[in-house]
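The structure under discussion appears below in the form of structure tokens.
The values are calculated or read from the model by the stated rules, or taken from the named source; none is laboratory data. Computed from a prediction, not measured in an experiment: that's the story for all the values here. Positions of Cβ are backbone-derived with ideal geometry, glycine not excepted, and every protein chain shown enters the neighbour counts. The area values use the complete protein model at the heavy-atom level, side chains included, leaving out ligands, DNA and RNA. Shrake-Rupley method; radii C 1.70, N 1.55, O 1.52, S 1.80 Å.
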Amino acid sequence: MNTAPTKSATPVVACRGLTKVFRDFWMRARVRAVDNVTFEIAPGEIFGLLGPNGSGKSTTIKIILGLLHKTRGQVAVFGKSPSDVAVKKRIGYLPEESYLYPFLNARETLEYYAKLFELDYRVRNRRIDELLDMVGLTAVQHRPVREYSKGMQRRIGIAQALINDPELLILDEPTTGLDPIGTRQIKDLILALGRRGKTVILSSHLLSDVEDCVDRMIILYGGKIRAEGTCDQLLTTEDQTILEFEPLDEATISEIDRIVRERTGGEKSLLRVAKPRQKLEDLFVDIVERARAERAEAAGAQHGGRTAAFLQGDGAELGEQLISKLVAGDSAADAAPTSAGAPPQPTAAPQQPSEPENDVLKTLLAEANPEPQPAKAPEPSRPATAAPIPADVDQSVIGSLLGDGAPGNDGGSRQEHRP
Amino acid sequence: MTLRDLAGRLGRAQGTLFFKVAASIILTVAAIGGVGAYTVAVKADQAAGQAVVAPQTEEPAARQAESSGGAMAGRAEQVNPEIARREAADEITARAIKAILDRRADPTAIAVGAAVALGICLIIVWLGVGLTYLGLALIASLAVVPMTVWFGDAYVFGPPEPGSGADALRWGDVGRFLGGIVALTASFSALMQGLRLAFDAGGAAGVLGVSRVAPILAIARNVVAEAVRMKVSLVFIVLLVFALAALPGMLNETTPLRYRVQSFLQYGAGGSFWIIALLVLFLSVGTVAFEQRDRVIWQTMTKPVAPWQYLLGKWLGVSGVAAVLLAVAASGVFLFTEYLRNTPALGESAPYVSKSGTGLTEDRRVLEEQVLAARRIALPILETITPQDRENEIQRRIAAEATMSPEILDSPRILEQLRARFAEEIDKEVATAARTIEPGDYRIFRFEGLSRARQTARLLTLRYRVQSGGNDPRDMFRISVSIAGGPPVPISAHLEQTLILDISTAAIADDGSLEIAILNGEIIMDRGENQGALIPGPATVHFPPDGLELFYSDGSYRANFFRVALILWMKLAFIAMVGVCAATFLSFPVASLVAAGIFLVAEGARFLGGSLEYFGGEWDDPKFELWRFIVRLIAQPLAYAFRFYADLRPTTTLVEGRLVTWLAVGRAAFLLGALTFALYAIGVAIFRRRELATYSGQ
């Protein structure tokens, strides 16, 4: 289990008694947006900030970024003050909305931000190419940003947040305005970065976003922490066990039930048998990918999907190195994803027919992470989108509310049937 | 091959290195060859013309006096003190004329023009748009050339009404206007692109290991993009281009050439400065304020960009845009002025050739010596009061005051105040007295440090302004001026009008001093008796502090023009910082108002300072005291702080043909730089403390 604060390394972000009071013109306290919040984020952690609108998520993030000044308490980013300029070299930030220069085009926008990091000309151009490809804006890179749709602007926002290959990525409501493909891409990206040992802070009120990705989270309400812990700690139902099989016939199921009853002296029995069911998100992604395979073209943003090479490992920075890695890492590639226990790449399967590079990426992803964070690697707790999800609390609640067999909104991954 | 294919091929061709190198070589060779051929032609022309021009000095122009009111003070021929001195003066005059004609043959202007044009062409070629521009230029000339060359004299809306006095619009004017727009727009876009390339070199700075520069240049480059692509600033740019292109058409060709050149310089340089200044104001405020309002700044400031880098980048970008606009406007004004200079002046059959065939015309001579010149100013050394006399006078006045109210002697505080007041009064009185002449009396004004002027062998110009009583401009005074002990020249002077008197450098003594005696009145000579009678003036006359100045040429007008442009740019850069600083903590509308207010106060600081001197004093009612105190509290520091800014007056200096020394440029750079840096420091301090995000919850 990945309980971050126990790590010896300096926490990436440490807040102690953090309080923010907004004042009006006459310096009267108007609102206490963050109230005595204490938490730490360890290196390599994917950290969720949850809460309804106005709960203090964005305020906390902006204090961490130095866009707001704390009223009381302590805050340190990489052990330094948020106003320290050097710290910002290691941070990528996506605001809750896309704030872009309307007069620049996508490429110029990324060039501008890349220059702020003093990136070398060649590195800059390669990263911009890869990022544009990743967010699917290569074809429209010379159109002014003001002509972009909201989703396209969001994509360029994501690209600018990644231009410096940040150690700490702060995503404020990253999936607003994105279609399911884009949403899925963000989640994949977060997981890919997590596997590379990057730290991610994810703020959202869309619970499925958070649940699919994060290691640990805090839930804020009214500026105060109401709950804190890993997904498992908060979500696992301890009094049930789930087994998974290849499809079984009724007789075998009955037999299993019989054995269970026998062994427990009739105290426990099989509660329900279900067939895995795709999430709507998976289905949607599947349909779009199939359409793409048939070369059906959509206007505007294209779904690049490939995570930029430079984000997949430090070694992938240079083209030559990339090729050598491809050649050398071929044999080790196949076993890596499963043996490392990393969740399977959800987009990988549907993309395979249309994009042969995807194999390359899979290889890279696996290869760039031969020895993942020890604490994280064998992590069954981080549920991947395509993996069967344990029957968690809210799903059963939704299930019972909707009646037998009705799918939960975003969690109903099984067809239920009670024996 | 279709036209599209051809265009595509040409488009690719102009981007190749081969094309760029070849085109650069061809252009450079053509420019050098052109200037060389012109120089040779002019020298030959000059050699041929020498024989004709040299002896034409029978009329000693140096003795002519000219005033803006049109009053002419002729030479007092009756008196004939030293023939030798007069001959010397004539010789110097002849040399001055020759100098003017030599200067005309000087190919510097053509060389400068060619260098500017070549620079712009090279930028265009290396941007990979050489053929595109060439094509556009051809298309433009297809429209412009027929208009100017073939139908130039045809009227657009029919001939003018007889007797209306005004000239009607001709096709030639329209053609020149269009041509001007095309040329200005092309130079502007090329220079702007060049500026972007320069800021792009930030990456190179990073490669060289100069860190922290790249973000500044990236921000600056972004401002350039914003200036071109946002409508607000584009409006000003278009306005500038149109105004500059239209201005030459506004000049009335019947007025003397010198006035045409002066108005063109005044409106061209002054008008351009104001348009660019307004653009700079709104661009600098907008680029910082809108970024905060639209929250775009969040992404910039969460990158490794320190507040000092951010503000410096913004300022640099705006100043760069200002520099490009000023460069376009200034070269436009400069080149057109040179064109005007090479058109016939009043009384000339061809440029520099007088219709009467004798020497230079008045119009030409004033233009060359006083307008397109770089002249220094000398002020008279005035009598002062010795400290002992001053002290005695103060004591006397205190004693006089004490006889009326003896209690003042008991209060040291009041005594001290009185001393200060009397000291100030006495100084003012002495200075005024030294510039005052009683009726029938005369005063000698001594100018020193004119050794350089003596060597240059040009003409000296005395500028003076007579004041008396209520300064009714209808009143005319007769005064007489005697140069270096020479015969008194009677002059009719309207009050409060600036008049000009030319003086030969021969009048300067060996020690570089020159004495000018001014008589309040007139001497009527009886030729037969050889004696004169003095007719005193009707009242006391006075010369204000800026009303008695001696000008002499020192340096070239072209270099002066460049220095004036530099000072104009420094002022723009200062305005840019005012805008940036105001926008660090104010929203766009408020910051614009504040910045515009500061700009106007700075421009009008002379006027403001003058007004404050007379502010109050007449209202003894104590209830005005507080009001007066508040006004002074705000206005006085502002007037004081910007006094020096207002005193720069680069456009006026240029129009009056006054020299701007490199020392003056350095002083302006130092003082404006200090002001700009102070504002920058304030801006950074504010920006560091500022919270860029606001509360976003309910």
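Details
- Within the span defined as the stretch B:392-410, every residue fails to be within 30 Å of the chain's Cα centre (by Cα) and either part of a helix (DSSP H, G or I) or within 30 Å of B:Gly532 (Cβ to Cβ) (or both).
- Residue check, B:Thr652 at pLDDT below 90 and within 14 Å of chain A (Cβ to nearest Cβ): no
- Residue check: A:Pro166 meets all listed conditions (1) within 21 Å of A:Gln312 (Cβ to Cβ); (2) away from chain B (no Cβ under 14 Å); (3) open to solvent by less than 10 Å² (accessible area, probe 1.4 Å) but one, namely (2).
- Meets criteria (crowded, with 19+ Cβ neighbours inside 10 Å, within 14 Å of chain A (Cβ to nearest Cβ) and at negative phi) for B:Ile219: yes
- B:Val665 being more than 14 Å from every other protein chain (Cβ to nearest Cβ), surrounded by 14 or more Cβ atoms within 10 Å (Cβ to Cβ) and touching a Pro at 6+ places or on another chain (Cβ under 8 Å): no
- Just one of the numbered conditions (1) within 12 Å of chain B (Cβ to nearest Cβ); (2) in contact (Cβ under 8 Å) with a residue 24 or more places away in the chain is not true of A:Leu131: (1).
- Scanning the stretch B:425-432 turns up no residue that is open to solvent by 30 Å² or more (accessible area, probe 1.4 Å), in contact with a Ser or Thr (Cβ under 9 Å, 6 or more places away or on another chain) and part of a strand (DSSP E or B).
- Cβ-Cβ contacts under 7 Å between residues 6 or more apart (or on different chains), taken from a first residue in the stretch A:192-211 that is closer than 22 Å to A:Leu65 by Cα and open to solvent by less than 30 Å² (accessible area, probe 1.4 Å) to a second residue that is among the polar types (S, T, N, Q) and not in a loop (DSSP other than H, G, I, E, B), are listed as A:Ser203/A:Ser58; A:Val210/A:Ser204.
- A:Lys150 falls short of the stated requirement of being free of Cβ contacts under 8 Å to residues at least 12 places away in the same chain and in contact with a Gly (Cβ under 9 Å, 6 or more places away or on another chain).
- Residue match in the stretch A:17-31 (condition: closer than 30 Å to A:Asp212 by Cα, modelled with pLDDT of 90 or more and hydroxyl-bearing (Ser, Thr, Tyr)): yes
- Number of residues in the stretch B:573-599 that are assigned to a loop (DSSP other than H, G, I, E, B) and either hydrophobic (A, V, I, L, M, F, W, C) or surrounded by 19 or more Cβ atoms within 10 Å (Cβ to Cβ) (or both): the value is 3.
- 2 or more residues within 12 Å of chain B (Cβ to nearest Cβ): qualifying strands (runs of 3 or more DSSP E) within the stretch A:6-122: A:13-23, A:29-41, A:91-94
- Test result for A:Gly44, in contact with a Gly (Cβ under 6 Å, 6 or more places away or on another chain) and in contact (Cβ under 8 Å) with a residue 24 or more places away in the chain: yes
- Close pairs from the stretch B:268-296: first within 14 Å of chain A (Cβ to nearest Cβ), partner of a type in the set (S, T, N, Q) and open to solvent by less than 10 Å² (accessible area, probe 1.4 Å), Cβ under 7 Å, at least 6 apart: B:Leu283/B:Ser233; B:Val288/B:Thr584
- Against the list (1) open to solvent by less than 10 Å² (accessible area, probe 1.4 Å); (2) without any contact (Cβ under 8 Å) to a residue 60 or more places away in the chain; (3) more than 14 Å from A:Leu311 (Cβ to Cβ), the condition A:Pro95 fails is (2).
- Unique residue being more than 14 Å from chain B (Cβ to nearest Cβ), touching a helix residue (DSSP H, G or I) at 6+ places or on another chain (Cβ under 9 Å) and polar (S, T, N, Q) when the list is A:Gln141, A:Gln160: A:Gln141
- B:Tyr695, sole failed condition from (1) farther than 23 Å from B:Glu603 by Cβ; (2) in contact (Cβ under 8 Å) with a residue 60 or more places away in the chain; (3) of a type in the set (Phe, Trp, Tyr); (4) surrounded by 14 or more Cβ atoms within 10 Å (Cβ to Cβ): (2)
- The sole residue among B:Ala289, B:Ala350 that is of a type outside the set (Val, Ile, Thr) and modelled with pLDDT under 90 is B:Ala350.
- In the set (1) outside any strand (DSSP E or B); (2) open to solvent by less than 10 Å² (accessible area, probe 1.4 Å), the condition left unmet by B:Pro487 is number (2).
- Just one residue in the set A:Arg155, A:Arg146 is under 24 Å from B:Arg293 (Cα atoms), modelled with pLDDT under 90 and either crowded, with 22+ Cβ neighbours inside 10 Å or among the polar types (S, T, N, Q) (or both); that residue is A:Arg155.
- Checked against (1) within 27 Å of B:Leu372 (Cα to Cα); (2) out of contact with any Leu (no Cβ under 9 Å at 6 or more places or on another chain); (3) buried (at least 21 other Cβ atoms within 10 Å of the Cβ), B:Asn520 meets all criteria but (1).
- B:Lys314 being under 27 Å from B:Ala573 (Cα atoms), open to solvent by less than 40 Å² (accessible area, probe 1.4 Å) and not in a helix (DSSP H, G or I): no
- Selection status of B:Gln309, in contact (Cβ under 8 Å) with a residue 12 or more places away in the chain, within 14 Å of chain A (Cβ to nearest Cβ), open to solvent by 10 Å² or more (accessible area, probe 1.4 Å) and not in a loop (DSSP other than H, G, I, E, B): no
- All positions within the stretch A:131-140 that are hydrophobic (A, V, I, L, M, F, W, C) and in a helix (DSSP H, G or I): A:Leu131, A:Leu132, A:Met134, A:Ala139, A:Val140
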